[in-house]
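Data block below; observations after.
What follows draws every value from the coordinates through simple rules; no lab data is involved. The shown structure was predicted, so the numbers you read here are calculated from the model rather than taken from an experiment. Here the Cβ is made from the backbone with ideal geometry for all residues, glycine too, and neighbour counts use every protein chain on show.
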């Protein structure tokens with residue numbers, strides 16, 4: 001529920017174009033709607049400025065359909081993360097207006113494309129193998145109304161590729177840096193820009209990377225100042241970047 005919906009509703013009551021009883025019916029979903037398997041927080045966008053996002057992994061197809069349908073009835077934008085192709089195909093049949101981003105593993109229904117951030121969010125990946133996490137961050141950032149760009153495969157093994165894009169790096173208001181292996185790229189980026197850098201370790205790497213733990217610990221021990229999110233959490237990084245970008 002967007003703030004403008006609530007303002008419009010109250011204006012309608014004030015003008016007498018809608019009854020108090022009708023307004024109460026529309027507000028009954030506050031603070032949440034109980035689907036029994038899920039309690040949808042329709043109030044979140046009004047409260048926080050960002051809508052609830054559905055974590056798709058672990059939910060049945062029927063549950064996802066119920067949740068998306070309920071949010072759609074309220075005119076809300078919908079983002080489902082961690083959706084695999086076979087599930088996405090079924091969701092697309094039920095909600096043809098939806099869009100599936102295979103590399104990001106995200107299913108989106110977005111009714112408006114307003115830019116609400118104050119600057120550019122730049123998503124950077126160290127390697128091509130990190131792109132699935134970077135794409136989750138990219139799609140989430142776009143969903144939340146940020147001007148968003150990508151800069152991929154500029155890791156430390158060929159760091160000249162990064163320095164050739166200094167103008168883009170310095171243009172960004174917030175930078176999300178996604179890296180596996182030894183996780184060094186966020187430190188380098190944070191050392192050459194003035195904007196906030198959000199680091200996301202990925203589970204990409206050989207045995208001693210311990211499924212992203214090595215990159216996570218390296219980022220937490222960065223000699224540059226970076227904010228660090230959990231392993232493979234592109235969504236969380238984009239959410240936090242959005243909060244920064246709206247300040």
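Normalised by 2.2 N^0.38 Å, with N the number of residues, the alpha-carbon radius of gyration of the stretch 204-247 equals 1.34.
Overall dimensions of the stretch 31-109, expressed as equivalent-ellipsoid semi-axes from the Cα gyration tensor (√(5λ), whole Å, largest first), are 20, 13, 11. Rounded to the nearest 10 degrees, the inclination of helix 234-245 to the longest alpha-carbon principal axis of the chain is 80 degrees. All C-alpha to C-alpha distances of the stretch 91-133, sorted into 10 Å bins beginning at zero, yield P(r) values of 21, 35, 36, 8 percent in whole numbers. Mean residue ellipticity at 222 nm, helices only, the chain: -11000 deg cm²/dmol; runs of at least 4 DSSP H residues each add -39,500 (n - 2.57), and the sum is divided by the number of residues.
Using a simple spin-label model with pseudo-atoms 7 Å out from Cα toward Cβ, residue 220 and residue 43 lie 3.5 nm apart. When 33, 86 are sorted by how many other C-beta atoms sit within 10 angstrom of their C-beta, beginning with the fewest, the order is 86, 33.
The equivalent ellipsoid that matches the C-alpha gyration tensor of the stretch 120-245 spans semi-axes of 20, 16, 13 angstrom, in descending order. Going from the residue with the fewest nearby Cβ atoms within 10 Å to the one with the most, 171, 14 rank 14, 171. Evaluated over the Cα positions of the chain, the convex hull gives a direction-averaged projected area, one quarter of its surface, of 14.9 nm². Between 0 and 90 degrees, the angle of helix 131-143 with respect to the longest Cα principal axis of the chain falls at about 40 degrees. By the count of other C-beta atoms within 10 Å, a proxy for reagent exposure, 166, 9 are ordered fewest to most as 166, 9.
Restricting attention to the chain, close to 30% of DSSP beta bridges with both partner residues there are antiparallel. Structural descriptor for the stretch 120-245: relative contact order 28 percent, calculated from alpha carbon pairs under 8 angstrom and at least 6 residues apart. For the stretch 45-156, the pair-distance distribution built from all alpha carbon pairs, in bins 10 Å wide starting at 0, is 14, 43, 32, 10, 1 percent. Distance from the Cα centroid of the stretch 85-104 to that of the stretch 197-231 is 31 Å (rounded to whole angstrom). Among 93, 76, 52, the largest mean-square fluctuation in a Gaussian network model of the chain (Cα springs under 10 Å) belongs to 93. Computed over the stretch 151-224, the convex hull of the alpha-carbon atoms projects to a mean area of 4.5 nm².
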